Each structure stands twice: as structure tokens, then as C-alpha cells.
Amino acid sequence: MVIFGVALLAICMLSGVFLGELLGLSLGIEANVGGVGIAMLLLVLIVDHLKKRGKLSQAAQDGLGFWSAMYIPIVIAMSASQNVAGALDGGPLAIVAGVAAVAISWIVVPILSASKRKEVFDGALDENHLTGGEEANVRNIK
Amino acid sequence: MLETLSKVFTDNPLIVSFAVVGAAMYISYVISYRFTKGRIHGSAIAIIIGLILAYFGGITTGGEKGLSDVSIFAGIGLMGGGMLRDFAIVATAFGASFDEIKKAGVRGVVSLFIGVILSFVVGVGIALAFGYTDAVSLTTIGAGTATYIVGPVTGAAIGATSEVITISIAAGLVKSILTMVGTPFVAKYIGLNNPRTAMVYGGLMGTTSGVAGGLAATDPKLVPYGAVTATFYTGLGCLMGPSVLFLMTKAAFG
């Protein structure tokens with residue numbers, strides 16, 4: 001049934017957000033630490049587990065798929081409810097700081113995503129290659 | 001007649017938002033196809049239209065929730081609010097591959113730390129250039145440059161003035177909006193076309209709404225990877241802002 005997929009999604013989200021709140025409390029900060037991220041990881045693991053055993057019916061997958069597809073319209077509704085006027089009211093300091101942070105982060109993206117850390121990480125999975133500094137493309141060829 | 005229509009709208013806010021967003025998306029996709037031959041993604045145009053509407057909603061009502069402060073469009077706020085947004089973001093993980101997340105995991109975590117510190121340092125630098133010299137204001141503005149939640153959380157914790165907290169929120173909003181609008185345009189220059197880079201991107205930019213919107217307009221398949229790291233950013237920022245980052249700023253600027 002469709003609701004099984006939607007319920008699975010809801011349970012994952014509630015568990016993740018709950019764990020995120022607990023994590024925030026235990027760190028002594030007033031914020032949810034990665035609740036949505038934890039929920040996503042839970043969902044990926046559970047779906048993977050259920051699919052491998054053929055326990056996730058097509059209808060249940062449709063329930064998950066519907067909300068996944070509603071994501072873009074929801075993001076557009078989100079953009080329409082942003083405090084755009086407030087952002088511009090913050091004055092030149094706020095605008096310059098926001099723009100500079102985004103521009104500099106953009107520049108760093110290719111540096112970070114193509115750095116040599118990848119090999120160290122891959123190597124950690126496979127002890128033999130721990131010190132092998134092979135090309136970054138190795139993984140892609142596989 | 002008009003009153004009855006307005007009553008139907010205000011009585012069914014969420015349903016109105018489905019119709020309005022659907023219509024806005026249809027128009028956006030037509031614009032995308034007719035005028036840009038699909039080069040600018042329909043959802044990028046829809047997000048820009050949404051932000052423009054939010055601006056006019058904000059200046060006409062003086063509220064903080066954009067178009068949704070206009071009573072007949074209140075449902076937009078419900079549809080685009082935190083609850084359904086997070087629900088749909090979690091749902092995108094349905095199409096994600098755990099192997100990809102695992103492969104880029106370490107890199108995603110590294111990018112989170114670099115992302116928070118980088119945005120913070122940029123914010124502090126700009127605040128210095130604008131004449132702020134005390135550690136509390138510098139830290140708050142730096143934290144706001146991370147995200148618009150980290151700014152006020154940090155500012156409240158270290159006792160910043162409300163003027164500075166407002167600036168920090170605005171800086172975070174600018175970052176979020178620019179990320180939403182700009183991501184599809186810079187994507188090809190920064191190699192943002194695979195799950196690994198998307199995870200780094202989420203960690204570096206950190207604004208969940210910005211990353212989620214930006215990636216949706218770039219390639220919806222990348223959304224779960226960017227979102228999975230971005231959702232940890234605000235928590236990490238709230239952890240580091242009033243503590244490590246404040247102490248460092250205090251040590252540097254007294």
C-alpha cells in the first residue's frame with residue numbers, strides 16, 4: 001500500500017530529527033544536529049535492506065517516489081516564502097558578506113572535490129593502497 | 001463574489017499553494033523552453049520567480065515570510081515551510097545510492113568543517129572592513145555568514161546587540177538566496193555534476209534551503225547528496241560559533 005512507503009518515510013524523518021535533537025542536547029547547543037541528514041541515511045539503509053529482500057512493494061515505492069517528486073515544487077514554495085526584503089534591508093555589509101562567502105565557497109568546491117583526500121579514503125577501505133597516490137580517476141574507471 | 005472567492009482561498013491554504021506553485025512552474029518551464037531553449041532550467045526560473053514574489057510579498061506586508069504573508073497565499077508558507085521541506089528532502093534519499101554517500105563520506109565531513117570556518121572568516125573580514133572591531137560583533141556577523149540560524153544563535157549566546165544580530169541574519173539570507181539562484185549557473189564551471197562534488201558542495205555552502213534549491217535547479221539527482229551534508233552544517237556552526245570561533249576571534253581582536 002502507498003501509505004506504507006509514506007509511513008516509512010515519516011518514521012525515518014521523526015527518528016532522525018529526534019536523534020538530531022538528542023545530539024544537539026548532548027553537545028549543549030540549541031540546534032538540531034543533522035537530524036534530516038540522519039533521517040536520510042536511515043531511509044537509504046532501510047530501503048536498501050527491504051529492496052534486496054523484495055519486501056518493498058511497488059505501491060510503497062510509489063508513496064516514497066511521490067514525495068521525492070514533490071520536492072522541487074516544495075522548494076519553489078520555499079523560495080516564495082523567503083525573507084528577501086529582509087535580506088536586502090540588512091544593508092551593504094550583509095549583502096557583501098553573503099556574496100563574498102558564496103563566491104569564495106564556489107572557488108573552493110573544485111579544489112576540495114578533486115583533492116588527494118579521496119585516495120587516502122579509498123586506501124583506508126583497501127589497506128594495500130593506503131600509501132598509493134594513484135590518479136583521482138581510478139574509482140571512475142571501476 | 002470576490003469575497004466568496006477570497007474565503008475559498010483562505011479556507012484551503014495548502015490546496016491554493018498546490019495550484020499556484022503548479023501554475024508558476026508551468027509558466028517557468030514554458031519560458032525555459034521558448035526563450036532559453038532549455039539552457040536555463042525551468043526550476044531555476046521558477047525559484048527566481050518565487051524569490052521576486054517573496055520580495056513583493058515582503059515589502060507590501062512588512063512580514064518575514066515573503067509571499068505567504070499575503071493572506072490568500074498563506075498556504076505557500078505551509079507548503080514551503082520547514083516540515084514539508086524536510087519531509088521531501090528526506091524523500092529524495094529514496095533515489096540515492098548508499099555506496100556513493102559512503103565513498104564521499106570523509107570528504108563530505110572535511111568540507112563541512114572547511115565550509116563553516118571559511119564562511120566565518122569571510123564574514124569576519126567583511127565586518128572588519130565595515131568598521132566593526134569588537135570580538136562579539138565580529139563573531140556574530142561571521143556566524144551569520146555561515147547560515148542565518150548560526151548567526152542569531154551565536155549572537156544570543158555571546159551577547160551581541162540586536163542590530164548586529166539583524167545584520168548577521170541578513171548576511172545568511174543573502175548567502176542562501178544567492179546559492180539558490182546561482183548554483184545552476186556556476187555548476188559546470190566547478191564540476192558540480194556528480195554525487196561526490198554534490199556532497200562537498202552541500203558541506204561547503206551549508207545553507208540547506210540554498211543547496212536544496214540550487215541543486216534542484218541544476219540536476220535533481222544530486223539533491224540527496226548535497227542535502228545529506230548540508231543538514232549537518234547549521235548544527236556544526238551552532239556548536240563552533242559561540243565556542244571555538246568566538247575564542248579565536250577574541251584572541252585575535254581582543
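The values are calculated or read from the model by the stated rules, or taken from the named source; none is laboratory data. Being a predicted model, the structure only gives us computed values, none of them experimental. Quick reminder, even Gly has a Cβ in these numbers, built from the backbone with ideal geometry, and neighbours come from all protein chains shown.
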Those residues of segment B:178-221 which are β-branched (Val, Ile, Thr) and outside any helix (DSSP H, G or I) amount to B:Ile190, B:Thr207
Would you please list the contacts, defined by Cβ atoms under 6 Å and residues six or more apart or on different chains, that run from a residue in segment A:53-78 that is buried (at least 23 other Cβ atoms within 10 Å of the Cβ) to a residue that is of a type in the set (S, T, N, Q) and at pLDDT 90 or above? A:Ala77/B:Ser17
Among (1) surrounded by 18 or more Cβ atoms within 10 Å (Cβ to Cβ); (2) not assigned by TED's automatic domain parsing to the domain that holds A:Glu21, where does A:Asp89 come up short? (1)
Need a quick list: helices (runs of 4 or more DSSP H) entirely within segment B:1-67 having at least 2 residues that are without any contact (Cβ under 8 Å) to a residue 24 or more places away in the chain and more than 22 Å from A:Ala85 (Cβ to Cβ). B:2-11, B:13-36
The number of residues in segment B:68-104 that are facing chain A (nearest Cβ under 7 Å), in contact (Cβ under 8 Å) with a residue 12 or more places away in the chain and among the acidic types (Asp, Glu) is 0
If a residue must be surrounded by fewer than 18 Cβ atoms within 10 Å (Cβ to Cβ), on the phi < 0 side of the Ramachandran plot and either within 9 Å of another protein chain (Cβ to nearest Cβ) or of a type in the set (Lys, Arg) (or both), how many such residues does segment B:21-47 contain? 3
Exactly one of A:Leu25, A:Leu50, A:Leu45 is hydrophobic (A, V, I, L, M, F, W, C) and either touching a Gly at 6+ places or on another chain (Cβ under 7 Å) or surrounded by 15 or more Cβ atoms within 10 Å (Cβ to Cβ) (or both), and that residue is A:Leu50
Please go through segment A:79-104 and pick out each residue that is at positive phi and either touching a residue at least 60 places away in the same chain (Cβ under 8 Å) or aliphatic (A, V, I, L, M) (or both). none
Among the listed residues B:Thr207, B:Thr183, B:Thr218, B:Thr179, identify the single one that is crowded, with 24+ Cβ neighbours inside 10 Å, among the polar types (S, T, N, Q) and either within 7 Å of chain A (Cβ to nearest Cβ) or in contact with an Asp or Glu (Cβ under 9 Å, 6 or more places away or on another chain) (or both). B:Thr179
By residue number, the members of segment B:49-78 that are over 16 Å from the mean Cα position of the chain (by Cα) and buried (at least 22 other Cβ atoms within 10 Å of the Cβ) are B:Leu53, B:Gly57, B:Gly58, B:Leu67, B:Ser68, B:Phe73, B:Gly75, B:Ile76
Within the bounds of segment B:133-141, is there any residue that is over 30 Å from A:Pro110 (Cβ atoms), out of contact with any Ser or Thr (no Cβ under 9 Å at 6 or more places or on another chain) and assigned by TED's automatic domain parsing to the domain that holds B:Thr208? yes
Within segment A:13-38, can you find the residues that are modelled with pLDDT of 90 or more and of a type in the set (Gly, Ala, Ser)? A:Ser15, A:Gly16
Under 8 Å by Cβ, and 6 or more places apart or on different chains, what pairs join a residue from segment B:169-183 that is not assigned by TED's automatic domain parsing to the domain that holds B:Lys65 with one that is of a type in the set (D, E, K, R) and assigned to a helix (DSSP H, G or I)? B:Ala170/A:Asp89
